[in-house]
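Participant: My questions will all concern the structure given below.
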Amino acid sequence: MDYQKSHVIVLTYPAQGHINPLLQFAKRLASKGLKATLATTYYTVNSIDAPTVGVEPISDGFDEGGFKQASSLDVYLESFKTVGSRTLTELVFKFKASGSPVNCIVYDSMLPWALDVARNLGIHAAVFMTTSASICSMFWRIDLGLLSLPLKQQTATVSLPGLPPLGCCDLPSSMSEPTSQTAYLEAIMEKFHSLNEDDWVFCNSFEDLEIELVKAMRGKWPLVMVGPMVPSAYLDQQIDGDRAYGASLWKPTSSQCFTWLATKPPRSVIYVSFGSMENISAEQVEEIAWGLKASNRPFLWVLKESEKKLPAGFLNSVGETGMVVSWCNQLEVLAHQAIGCFVTHCGWNSTLEGLGLGVPMVCVTERSDQPMNAKFVEDVWKVGVRTKKDEVGIVTREELEKCIRGAMDGESGEEIKRNANKWRELARSAVSVGGTSDMNINEFVVKLQEEKK
Ligand code: UDX
């Protein structure tokens, strides 16, 4: 068969938790024979190292002539919309002129304006959701007027088709306290309002993971599950031998932590990380520190600015038992045989990584989609334990220690390990050849390729 390759631009919001899944999606498309180009802002392009995918800069309006900080998220998103629309359009024209025309833009749901760019250029548009399908279903209901905000003040429990009953502490903060996240909420609601105009709506999840929702929503909405977007080698797949995301906005202190991990017994180490946007109070850091020490197990903790945040004398008091780094290759750490538990903020990527690698989790959530992801970790997938906050919103050292023991020791620890192994297998089968996510990606690829014949 003789045809020109289809060419897809994958547009990502320039944050670690967005670049990782979108770059991974671009790599999957490339592994299936499409030409894929990741478009991201000028100051993030240099952090990307993915040989099978092209990388091209576009502008958010804050990166021409050196990086400048926006005064607020509203200002940033508005500028990104204006300048990004123009520079993304220019990029598509550039490819057309060079004989490699683009026939689809897959864009991050945080950048809803890319739909208009694709429509104006007469090419396909596909949105990519970086949160769970369950969260998406709630935004979808809000847009249809089936659910109104704020959710917290209405009833003690929110009951929705395909979801477990949600108490007020399980709700995404953008829905329970919408005034605290106006810019984010506006961007995401703009996206859900135009959902029917996209040619495809992809979600970084897999069908078995949210099966009750998949059943409840069948035929009602256009969501297509294509995840988990974790590099295939970590899911034991030989599809493309892909061993890393290929994007790191910070430099990992890798060799140090792997030398240290090699000295620890299998499944003994607690890995602690709160994602890329952590902003944990000094009080909370202190409780986590002493809670880890009390658990009496080795721990590896990712904490930026640890010198400023850790309690005085803490590192000396734990000695070789603990290691604190500012950034690491999280996937490689989670895949290490010494890791026995993941204390996580439950960002969606971290949740999928813990699940896909079969690591028991302890959830210490802050905001956004994290509380709802944690609800699923504990009550639906049963692969971890959720910490409770005290009356001033802190997870105490005693609570953390108790939850770590619950996730790692005794009968509860054994049950969590069994479930974690089960979900690891299900994640693997979703992305293996013939799995549900793999088939869903194939359908997209075949459709685009046929148009090029
Ligand atoms: C945020 C939201 O929390 C998340 O739910 C949303 O989907 C994307 O934006 P973030 O808070 O950064 O993301 O967390 P998470 O989604 O877990 O993403 C963090 C990524 O950084 C993960 O892929 C993780 O592997 C990576 N990471 C983190 C590292 O590579 N090294 C580290 O030291 C810490």
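Condition check ((1) open to solvent by less than 50 Å² (accessible area, probe 1.4 Å); (2) among the polar types (S, T, N, Q); (3) under 30 Å from L34 (Cα atoms); (4) away from the ligand (no atom under 16 Å from the Cβ)) across all residues:
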position: I394; (1), (2), (3), (4): yes, no, no, yes
position: K402; (1), (2), (3), (4): no, no, no, yes
position: G413; (1), (2), (3), (4): yes, no, no, yes
position: N419; (1), (2), (3), (4): yes, yes, no, yes
position: S429; (1), (2), (3), (4): no, yes, yes, yes
position: V446; (1), (2), (3), (4): no, no, yes, yes
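Participant: Same structure, new question: Which ones in the stretch 363-392 are hydroxyl-bearing (S, T, Y) and within 16 Å of the ligand (Cβ to nearest atom)?
Facilitator: Step one: of the stretch 363-392, the residues hydroxyl-bearing (S, T, Y) are 365, 368, 387.
Across the stretch 363-392, the qualifying residues are T365, S368.
Participant: Then there's this: When you check A407 against the structure, is it away from the ligand (no atom under 15 Å from the Cβ), crowded, with 23+ Cβ neighbours inside 10 Å, among the small types (G, A, S) and over 18 Å from the mean Cα position of the chain (by Cα), yes or no? Steps first, please.
Facilitator: On the way: away from the ligand (no atom under 15 Å from the Cβ): yes; crowded, with 23+ Cβ neighbours inside 10 Å: yes; among the small types (G, A, S): yes; over 18 Å from the mean Cα position of the chain (by Cα): yes.
So A407 passes the test.
Participant: If you go through the stretch 307-323 one residue at a time, do you hit one that is under 28 Å from H18 (Cα atoms), touching a residue at least 40 places away in the same chain (Cβ under 8 Å) and either touching a Gly at 6+ places or on another chain (Cβ under 7 Å) or of a type in the set (V, I, T) (or both)?
Facilitator: no
Participant: Among residues belonging to the stretch 308-332 that are closer than 22 Å to M408 by Cα and within 8 Å of the ligand (Cβ to nearest atom), point out the one that is least open to solvent (accessible area, probe 1.4 Å).
Facilitator: L331
Participant: In the stretch 263-280, how many are assigned to a strand (DSSP E or B) and polar (S, T, N, Q)? Write out each step before concluding.
Facilitator: Within the stretch 263-280, the first condition is being assigned to a strand (DSSP E or B), and the residues that meet it are 269-273.
Subset that is polar (S, T, N, Q): 273.
So the count comes out to 1.
Participant: Please enumerate the residues belonging to the stretch 249-277 that are within 13 Å of the ligand (Cβ to nearest atom) and buried (at least 20 other Cβ atoms within 10 Å of the Cβ).
Facilitator: C257, Y271, V272, S273, F274, G275, S276
Participant: Suppose we filter S137, S132 for residues that are in contact with a Ser or Thr (Cβ under 8 Å, 6 or more places away or on another chain) and small (G, A, S); which single one remains?
Facilitator: Values: S137 fails: in contact with a Ser or Thr (Cβ under 8 Å, 6 or more places away or on another chain).
Answer to the check: S132.
Participant: In the stretch 118-133, which residues are surrounded by fewer than 23 Cβ atoms within 10 Å (Cβ to Cβ) and aliphatic (A, V, I, L, M)?
Facilitator: Correct list: L121, I123, A125, A126.
Participant: Among the helices (runs of 4 or more DSSP H) confined wholly to the stretch 161-238, which include 1 or more residues that are out of contact with any strand residue (DSSP E or B) (no Cβ under 7 Å at 6 or more places or on another chain) and modelled with pLDDT of 90 or more? It would help to see each step written out before you state the result.
Facilitator: On the way: elements: 173-176, 182-193, 211-217.
By residue number, 182-193, 211-217.
Participant: Starting from residues that are assigned to a helix (DSSP H, G or I) and hydroxyl-bearing (S, T, Y), keep the ones in the stretch 431-444 and report whichever is least open to solvent (accessible area, probe 1.4 Å). Spell out how you get there, then give the answer.
Facilitator: Here is the first cut: in the stretch 431-444, the residues assigned to a helix (DSSP H, G or I) are 431, 436-444.
Checking which are hydroxyl-bearing (S, T, Y) leaves us with 436-437.
Numbers: T436: 59, S437: 1 Å².
Across the stretch 431-444, the extreme among qualifying residues is S437.
Participant: So, D379, is that one crowded, with 22+ Cβ neighbours inside 10 Å and of a type in the set (D, E) or not? First the steps, then the outcome.
Facilitator: Details: crowded, with 22+ Cβ neighbours inside 10 Å: no; of a type in the set (D, E): yes.
It is false that D379 is crowded, with 22+ Cβ neighbours inside 10 Å and of a type in the set (D, E).
Participant: Residues that are away from the ligand (no atom under 16 Å from the Cβ) and either open to solvent by less than 10 Å² (accessible area, probe 1.4 Å) or over 23 Å from H18 (Cβ atoms) (or both): does the stretch 342-359 have at least one?
Facilitator: Checked the stretch 342-359: no residue is away from the ligand (no atom under 16 Å from the Cβ) and either open to solvent by less than 10 Å² (accessible area, probe 1.4 Å) or over 23 Å from H18 (Cβ atoms) (or both).
Quick grid of which residues meet (1) in contact with a Cys (Cβ under 9 Å, 6 or more places away or on another chain); (2) within 25 Å of I394 (Cα to Cα); (3) basic (K, R):
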{"site": "M129", "(1), (2), (3)": "yes, no, no"}
{"site": "L144", "(1), (2), (3)": "no, no, no"}
{"site": "L147", "(1), (2), (3)": "no, no, no"}
{"site": "G162", "(1), (2), (3)": "no, no, no"}
{"site": "D170", "(1), (2), (3)": "no, yes, no"}
{"site": "S180", "(1), (2), (3)": "no, yes, no"}
{"site": "I188", "(1), (2), (3)": "no, no, no"}
{"site": "F192", "(1), (2), (3)": "yes, no, no"}
{"site": "E197", "(1), (2), (3)": "no, no, no"}
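Participant: Follow-up question, since we're still on this one. Which residue out of G162, G145 is more than 24 Å from K388 (Cβ to Cβ) and without any contact (Cβ under 8 Å) to a residue 12 or more places away in the chain? Walk me through it before giving the result.
Facilitator: Values: G162 fails: without any contact (Cβ under 8 Å) to a residue 12 or more places away in the chain.
Being more than 24 Å from K388 (Cβ to Cβ) and without any contact (Cβ under 8 Å) to a residue 12 or more places away in the chain holds for just one of G162, G145, which is G145.
Participant: Scan the stretch 283-305 and tell me whether some residue there is among the aromatic types (F, W, Y), more than 8 Å from the ligand (Cβ to nearest atom) and open to solvent by 10 Å² or more (accessible area, probe 1.4 Å). Steps first, please.
Facilitator: Initially, the stretch 283-305 is screened for residues among the aromatic types (F, W, Y), giving 290, 299, 301.
The next check asks that each one be more than 8 Å from the ligand (Cβ to nearest atom); those that pass are 290, 299, 301.
Checking the rest, the ones that are also open to solvent by 10 Å² or more (accessible area, probe 1.4 Å) come to 290.
Yes, that holds for at least one residue.
Participant: Against the conditions (1) open to solvent by 30 Å² or more (accessible area, probe 1.4 Å); (2) over 28 Å from L355 (Cα atoms); (3) touching a Ser or Thr at 6+ places or on another chain (Cβ under 6 Å), where does L151 fall short? Just the number, please.
Facilitator: (1)
The values are calculated or read from the model by the stated rules, or taken from the named source; none is laboratory data. Nothing here was measured: the structure is a model prediction, and the numbers come from that model. With ideal geometry, Cβ positions are generated from the backbone for all residues, glycine too; neighbour counts draw on all protein chains shown. We work out accessible area using only protein heavy atoms, side chains counted, and drop any ligands, DNA or RNA first. Shrake-Rupley method; radii C 1.70, N 1.55, O 1.52, S 1.80 Å.
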